[in-house]
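See below for the structure under consideration.
The values are calculated or read from the model by the stated rules, or taken from the named source; none is laboratory data. Since the model is a prediction, treat every value here as computed from it, not as a measurement. Cβ coordinates were reconstructed from backbone atoms using ideal geometry, including for glycine residues, and neighbour counts include every protein chain displayed. Note: areas computed on protein heavy atoms with side chains; ligands, DNA, RNA excluded. Shrake-Rupley method; radii C 1.70, N 1.55, O 1.52, S 1.80 Å.
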Amino acid sequence: MEKTKTLEQIQQDAFHPIRTHRFAGKLWIRFLVLLVVLGVFSYVTQLRDGLGITAMRDYSAWGLYIGHFVFLVAVSLVGALVTAILKLLNISWATPVTRIAEMISIAAVMFAAITIVVDMGRPDRVHHVIVHARLQSPIFWDVFVINTYLVISVLLLYIPMIPDLAMMRDRLTDVPAWQRKMYRMLALNWKGTKEQWSTLKKTIKVLLILVLPVAFAIHTVTSWLFAVTHRTGWDSTIFGPYFVSGAFVVGVAAVIVAMYVFRKAYKIQNYLTIHQFNMMGKLLALVSIIYLYFNLNEYLVPWYTEKLLDMAHLKELFIGHEAPLFWGSLVIGMILPIVLLLFRRMRAPRPLFFIAIAVVLGAWVKRMLIVIPTQFHPHLPIQNVPDEFMTYVPTWHEIAVTGLTVAGVFMVITILARIFPVFPIWEVAEEHGVPQDELHKNE
Amino acid sequence: MSKKERKSPEESPSRRAFLKKMGLAAGAVAMAGGGLGLARALAGDGKTGEQVRVMTTDGKVVAVDSSAIAERTASEMASEGREGLRGKKFVMVIDLSRCRNARKCMLACQDHHELRPEQHHINVLTMQDSPQTAPYHMPKPCFHCDNPPCTKVCPVDATYKRQDGIVLIDNERCIGCRFCIAGCPYSARVFHWHHPLKNSPEERARPYDVEANVPQRLGTITKCLFSADKVRLGELPSCVSACPNGVFYFGDVNEDAVTNGTTKQTVRFSELIRDNHGYTYFEDLGTLPQVFYLPPKNRVFPFEESSEETIEE
């Protein structure tokens with residue numbers, strides 16, 4: 001990275017997207033609002049008529065919603081990976097990426113929580129989870145850890161942003177009054193004194209360490225929703241690390257997609273440089289290889305031992321109905337990306353962007369394949385139920401409600417990126433050699 | 001709730017003995033006019049003079065003053081439904097050699113618990129363990145496991161195991177997460193994807209009886225309850241008494257006595273299991289099922305694939 005930019009230039013580049021909104025951006029928001037409206041309509045229908053409007057039935061009792069929930073939890077883990085792990089390892093190229101990662105984390109974990117409520121048969125009783133809480137149930141741990149992770153993620157977005165907020169309070173005077181007021185309040189009277197800096201850096205360090213066990217817990221507990229049952233395909237001891245490693249894959253890919261979009265839309269190619277993409281590409285290859293290793297264990301060992309139910313389940317995936325999705329997600333979403341990412345040319349922004357999209361889509365399909373097909377292989381045969389109980393193809397209502405949560409994630413990221421700088425100004429300035437006491441010198 | 005079936009006068013002595021043993025001999029059990037079901041006797045002096053005919057636990061119809069009758073309130077039903085019957089431990093034995101797929105158990109159950117046609121608390125499965133072995137019919141209720149994986153995963157204690165061994169559901173607490181469906185290895189649980197069968201405002205307004213899980217509610221779980229409401233009255237579960245072929249035995253393992261629902265013979269549970277090589281299903285899962293099967297050997301009739309007609313009737 002060329003380190004010649006002045007603080008002034010960095011600020012101008014970071015403030016530009018906050019000052020001016022382009023037409024494409026407005027169109028994008030309208031599109032998201034449309035998706036939300038459709039989703040709300042379908043959800044109201046679901047509230048009135050029950051979960052029967054979905055394709056879920058007594059055997060496939062969990063479907064699109066739960067698969068999507070697992071996906072969102074997986075995406076949300078990236079905040080912990082990029083911000084915490086890379087920062088604690090003092091990896092400096094990741095600095096401009098941290099804020100994007102945090103924004104994605106917050107949006108994903110928020111809508112993971114919402115998706116769970118959407119899946120409930122009685123959302124009017126959601127408070128029962130607290131009032132009648134039972135420690136034995138992984139759902140209680142899940143609720144607990146998701147909320148904890150959300151709080152820590154918000155703090156991890158906010159607290160390192162305080163110096164930036166102070167800059168915005170002082171320099172960004174040409175935005176609406178409510179926005180100026182918000183920056184003033186959020187900046188917490190930051191003046192950039194030595195004492196404030198030392199408190200800030202200590203707090204960030206504590207949060208970085210704190211978020212790690214919570215992040216591992218959130219996805220391990222999510223995997224235990226499945227692993228603690230007696231079901232074939234779920235009854236696995238490696239589900240925790242299998243899920244966590246898969247989460248890092250989809251999270252890194254999601255950040256790459258967002259990096260590329262922001263780079264183009266916000267013209268910040270001097271901050272999210274080819275170097276950042278190259279390194280993120282390498283990181284994606286690394287986490288994908290780890291995930292592939294877990295996949296090997298998860299599928300090949302039961303294939304070898306040939307237990308009847310396991311075989312029925314695996315045949316369905318390998319050569320049965322689900323084979324196109326299974327091999328598609330495995331080859332296009334994992335193996336092919338690993339091979340391609342070995343080449344430097346493929347780690348350039350545009351090819352990497354397309355590879356990352358394939359990884360994200362493959363990961364989404366993979367979550368569905370983990371959640372849904374196994375339910376059709378219970379210990380006792382499925383008999384005396386209507387044909388619709390034997391298959392699962394999501395209904396339009398279900399898809400619309402899921403679309404709502406997808407749109408919601410994009411909406412939160414878009415809004416956050418429009419009122420806050422998408423890369424940390426002070427940290428980037430420090431990398432460019434701006435001394436700490438000059439960051440707020442004009443007060 | 002439908003009126004309780006009247007005991008036939010020619011009950012065998014063993015049946016009566018069983019009822020006495022099981023029954024809560026708390027006096028009269030009322031069949032109050034509106035059929036709001038379970039009632040209990042109250043000791044009171046303020047008589048109204050109005051006489052009500054009620055049936056006692058041993059099948060006699062007697063007239064009592066209406067002041068002596070009170071309906072069980074919803075909160076009483078709820079707290080009693082959580083505790084269960086003191087000193088009891090219920091088991092079911094299913095004799096596979098006798099099941100000819102009449103499916104009367106399924107219909108009686110659906111009627112009692114107000115289920116939709118596709119909802120089965122008890123399901124008669126056609127089983128064949130391997131290509132060399134003979135096929136057989138297997139009625140499959142909830143196994144009321146002593147180590148139930150379903151209650152373990154419930155986040156709100158909506159499904160729970162009582163001291164008498166029965167696993168129940170509180171559909172006023174259930175949040176509809178369906179974790180218990182995932183947790184149950186025996187596919188015993190059913191969800192209300194659609195509005196329940198009886199869903200008029202009056203039907204919905206009935207006080208909730210947790211022991212029959214009636215009225216059923218949208219977005220909650222239901223499953224086999226061993227007809228806990230009938231068992232409280234000293235009656236046999238609906239499926240057990242509906243069977244025309246003598247498949248089901250039901251009783252109290254503490255007394256080592258189970259009663260056949262068709263013949264009303266009461267036999268020793270331990271002898272029945274020992275002499276016929278009784279077993280439980282997937283006992284290696286560690287769930288400790290409390291429904292025992294007698295193997296389908298020496299069948300009293302040949303196996304027939306049931307036609308749709310036999311299912312309908």
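Just a few scattered comments:
- Rounded FRET efficiency, nearest 0.05, which uses the C-beta distance separating A:ARG19 from A:ILE159 and R0 of 25 Å: 0.50
- Descending principal axes extents, chain A, alpha-carbon based, whole Å: 77, 49, 43
- Calculated over the protein assembly as shown, the projected area of the Cα convex hull averaged across directions stands at 38.7 nm².
- Segment A:400-443-segment B:140-185 distance, computed between alpha-carbon centres (Å): 47 Å
- Think of each Lys and Arg Cβ as +1 and each Asp and Glu Cβ as -1; about the Cα centre, that makes the dipole of segment A:7-438 roughly 1180 debye.
- For segment B:65-126, the solvent-accessible area with a 1.4 angstrom probe is 35 square angstrom per residue.
- Positive dipole terminus of the protein assembly as shown, leading residue within A:LEU439, B:VAL167, B:HIS113 (C-beta point charges): A:LEU439
- Charged-residue dipole, Cβ positions (Lys, Arg, Asp, Glu), the protein assembly as shown about Cα centre, Debye nearest 20: 1920 debye
- Within 10 Å of the Cβ of each residue in B:124-135, the mean number of Cβ atoms contributed by other protein chains is 1.
- Computed from Cα atoms, the angle from the helix A:349-371 axis to the main principal axis of chain A rounds to 40 degrees.
- The alpha carbons of segment B:119-220 stretch over 53, 29, 25 Å along the principal axes, in descending order.
- Chain pair A, B: total accessible area buried, heavy atoms, 1.4 Å probe, Å²: 3700 Å²
- Remark on segment A:106-123: accessible area falls by at least 50 square angstrom from chain-alone to full-complex state for A:ARG122, probe 1.4 angstrom.
- Contact residues in segment A:345-383 by the 30 Å² criterion (accessible area, 1.4 Å probe, full protein complex versus chain alone): A:HIS379, A:LEU380, A:PRO381, A:GLN383.
- Rolling a 1.4 Å probe over the heavy atoms of the protein chains gives segment A:7-438 an accessible area of 42 Å² per residue.
- Comparing the full protein assembly with the isolated chain (1.4 Å probe, heavy atoms, ligands and nucleic acids excluded), the residues of segment B:184-205 losing at least 40 square angstrom of accessible area are B:PRO185, B:SER187, B:TRP193, B:HIS194.
- Listed residues A:ASN297, A:PHE239, A:THR98: farthest to the positive end of the dipole of chain A (Cβ charges): A:THR98
- If you plug the beta carbon distance of B:ARG268 and B:VAL62 into 1/(1 + (r/R0)^6) with R0 = 41 Å, you get a FRET efficiency near 0.75.
- Nearest-10 value in Å² for the accessible area of A:TRP28, using the 1.4 Å probe: 90 Å²
- Carbon and sulfur %, accessible surface of segment B:53-163 computed with the full protein complex present, 1.4 Å: 50 percent
- Karplus 3J(HN,Hα) series, Hz, for segment B:169-183 with 6.51 cos²θ - 1.76 cosθ + 1.60 (x for Gly, Pro): 10, 9, 7, 8, 10, 3, 9, x, 7, 6, 5, 5, 4, 5, x
- Against chain A, whose longest principal axis is taken from its Cα atoms, helix A:396-419 shows a tilt of about 10°.
- On Cα atoms only, tilt of A:7-19 relative to the major axis of chain A in degrees: 50 degrees
- Working from label points 7 Å from Cα in the Cα-to-Cβ sense, the A:ALA265 to B:ALA134 distance is 7.0 nm.
- Gap separating the Cα centres of segment A:66-109 and segment A:337-380, nearest whole Å: 18 Å
- Point-to-point label distance, A:PHE41-A:GLN436, nm (Cα→Cβ direction, 7 Å offset): 5.6 nm
- For chain A, the share of accessible area belonging to carbon and sulfur comes to 70 percent (1.4 Å probe, ligands and nucleic acids excluded).
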